[in-house]
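To start, the structure under review is shown below, and the notes come after it.
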Amino acid sequence: MPPGPGAPAEAPAGRSYASGARVLSIGIASTGLFTFAYLATASHVLDPGAYGRVSLCWAVMFVILSVIYRPIEQLLSRSIADRRARGLPGHQLRVPALIQLGFALLFLVAALALRRQIERGLFDGSSSLYWILVIGVLAYAASYFARGWLAGHQRFALYGMLVFLEATSRFLLALAVAVGIGSGQGAVGLGMAVAPFASLSVLPFAFSRVKHRAPAGLPVADAALEGPAHAGIEEASTDLSLRRGGGFAFAVVGIMLAEQTLMNAAVLIVNQSSGHALAGFVFNVLLIVRAPLQLFQAIQTSILPHLAGLEANESGAEFHRAIRVTVLAITAFAGAVALGLLAIGPFVMTALLGNKGFHYDRFGLAVVGLGMGLHLVAGTLNQAALARGRARLASAGWLLSAALFVVLVLTPTIGAVVTRVEVGYFLATLVLCGLLWGVYRRGPAPVVLTASGVAAVPEGGRVS
């Protein structure tokens, strides 16, 4: 069906996505630099044991944040963008807010119940790092909710400012230790708790500019589709119930848990088997992945609402083009990174982060660089799956790949622990790309016409 008079043209939509990605890339690139500066400064001002504990706190915090809050960010971004593309009013915040609150309360109960185990088992008895973890995770609930709202409304400049303020405020605490204003792991770690509060200072600007009007989108009152049947289709395809929202969120929880397993499981495993110092070194090696992934958030954040809008408008050619262009750009970037690591990787890593008594292997670093590229491609295919209603299949692929990575790190097939992590990461991301490519080839989830309208059929085959 051709778009009605209120439907946006595809070209402006593409320009909006590209413009949003560029604007957000500037903010997140700056954020990545300050994040790297924070960790590099911490590595230089703390002894190996203290740096290992701070990096472990960082790893644990961002595992938790990604698992329990990123799904709500994705849910908000997708649902708001879908309604905007269809020209429907309203933001549907109640269900995401309830799920977010439930996750935050669940974390708080678990953290309080396991306080002694967390303090002694992870932080060698440091109560300051424990409370930094608890306060930081709770404060980030509001920050991630704001990110989803901003992404869904394509307010990418404010999104970039939010994460930029978060990173710079965190870095300032490490800088204070470097210049002698503060000292110790508690002062450096405090930046992780302060950052989410600083990031929320952008919200007054966001709400002060909200325009109370329905965005241009699919025509709500097409003359050929007026009446109860059309109303039923619109309601069924856009209303966000607790069941539907929860199903999407929990599928994305699996995705986020798997991604954080790829990013942080090796640090935790090495910390338990070989101590804080080697765990900190492994953390440094995987910064090759962390920095580009943080930069890639600009693409992930802007591409999901863009793809959701294209899916709502049934713009299949533009949908495939957005994926193809993104994958080609990632391939070129990852190839350049891998070659750079092969040439000067050990020198640069030692100069920026120190070696903490260990040696960076150029071939191992290059393998991690290639795995990073596969990880970014998988992230792109994942956003396509979410936009098409294939969250469950995508989640299964991520979880299988994460389990493979853990098995590879734990199994002593390669004697050197760091090499085992590097090779295991590459193989796991290669498998992940293959699985998500299979999900992408399946196309969008089918829809059926029910008595109340159109409803997507989830992968299990049951109408929601």
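The values are calculated or read from the model by the stated rules, or taken from the named source; none is laboratory data. Quick caveat: nothing in here was measured; it's all calculated off a predicted structure. Here the Cβ positions follow ideal geometry from the backbone for every residue, glycine too, while neighbour counts run over all protein chains shown.
Here are a few things to note about the model shown:
- Residue satisfying all of: in the stretch 117-133; crowded, with 18+ Cβ neighbours inside 10 Å and not in a loop (DSSP other than H, G, I, E, B); nearest to the chain's Cα centre (by Cα) among these: 133
- When each of 170, 155 is tested for being modelled with pLDDT under 85 and basic (Lys, Arg), the lone residue that passes is 155.
- When the stretch 173-202 is limited to residues that are among the small types (Gly, Ala, Ser) and farther than 16 Å from residue 129 by Cα, the one that is modelled with the lowest pLDDT turns out to be 180.
- Some residue of the stretch 330-349 being within 20 Å of the chain's Cα centre (by Cα), modelled with pLDDT of 85 or more and over 21 Å from residue 33 (Cα atoms): yes
- Residue in the stretch 136-148 that is assigned to a helix (DSSP H, G or I), closer than 20 Å to residue 263 by Cα and more than 22 Å from the chain's Cα centre (by Cα) present: no
- Number of positions in the stretch 335-360 that are farther than 21 Å from residue 51 by Cβ and surrounded by fewer than 24 Cβ atoms within 10 Å (Cβ to Cβ): 9
- Among all residues of the stretch 423-436, there is at least one that is surrounded by 22 or more Cβ atoms within 10 Å (Cβ to Cβ), β-branched (Val, Ile, Thr) and at negative phi.
- Search result, residues across the stretch 399-418 that are modelled with pLDDT of 90 or more and either closer than 11 Å to residue 429 by Cα or touching a helix residue (DSSP H, G or I) at 6+ places or on another chain (Cβ under 6 Å) (or both): 399, 400, 401, 402, 404, 405, 406, 408, 409
- Contact annotation: residue pairs with Cβ atoms under 8 Å, 6 or more positions apart or on different chains, pairing a residue in the stretch 410-424 that is more than 23 Å from residue 373 (Cβ to Cβ) with a partner that is surrounded by fewer than 15 Cβ atoms within 10 Å (Cβ to Cβ) and of a type outside the set (D, E, K, R), are 417/273; 417/274.
- Residue 455, sole failed condition from (1) within 19 Å of residue 251 (Cβ to Cβ); (2) aliphatic (A, V, I, L, M); (3) modelled with pLDDT of 50 or more: (3)
- The stretch 289-317 - residue that is over 16 Å from the mean Cα position of the chain (by Cα) and either modelled with pLDDT of 80 or more or among the small types (Gly, Ala, Ser) (or both) and, of those, surrounded by the most Cβ atoms within 10 Å (Cβ to Cβ): 309
- Qualifying residue in the stretch 154-167 (condition: under 25 Å from residue 280 (Cα atoms) and surrounded by fewer than 17 Cβ atoms within 10 Å (Cβ to Cβ)): no
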